[in-house]
Amino acid sequence: MEIRLLTPSVATNYWALRLEALKNHPEAFLTSYEEAVTRENAVEQTARNFTAEGNYTFGAFDKDELIGVVTLLQEERMKIRHRANIFAMYVTPRSRGLGAGKALMTAAIQKAKDVGGIEQINLNVTANNHRAKQLYIQLGFQEFGLEKNALKIDGVYYDDAYMVLHLNR
């Protein structure tokens, strides 16, 4: 397995994996599959995101197959530029348990340290996603809040846990 910073050349592969994630785990993402498939120029927008300042998307590859992704996005506004956020973390079901998630998160954390000026990384995770929460805790994240009924999908509510990793401690 290899972890790489994604470039526009893999935007199509990324978008296919993103749609898989949204379809298979709607409770884990703010964007719905239905919203995503109707987005105009989605692959082109994804390719632009890969080159945007402060936006770092990593991919886990098994040979040439993209099997997992995570995005680190630094805040832009002056007062919160010391923060970055983790978004769109996903590993294909058949590749889970092989260390791809940990490798992706480790790469994102290292990038935050390398960028300079980032002091903390925030993320939110579906509160009952115990495997993901355990991974984040193992990497040093601490839970600091819980939002009840954060998402509502087909009449079912899901809680979100908010977590933070302080890089300077």
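The values are calculated or read from the model by the stated rules, or taken from the named source; none is laboratory data. The structure presented is a predicted model; accordingly, all values stated were derived computationally and were not measured. Virtual Cβ from ideal backbone geometry, glycine too; neighbours counted across all protein chains shown.
Quick notes on this one:
- Only one of the numbered conditions (1) basic (K, R); (2) out of contact with any Asp or Glu (no Cβ under 6 Å at 6 or more places or on another chain); (3) more than 27 Å from Y158 (Cα to Cα) is not met by R81, and that is (2).
- L73 vs. criteria crowded, with 18+ Cβ neighbours inside 10 Å, within 16 Å of the chain's Cα centre (by Cα), touching a residue at least 24 places away in the same chain (Cβ under 8 Å) and outside any helix (DSSP H, G or I): no
- The condition of being of a type in the set (K, R) and farther than 25 Å from P26 by Cα holds for only one of K79, K148, that being K79.
- Yes/no for Y56 being within 28 Å of H166 (Cβ to Cβ), among the hydroxyl-bearing types (S, T, Y) and either modelled with pLDDT of 95 or more or in contact with a strand residue (DSSP E or B) (Cβ under 9 Å, 6 or more places away or on another chain) (or both): yes
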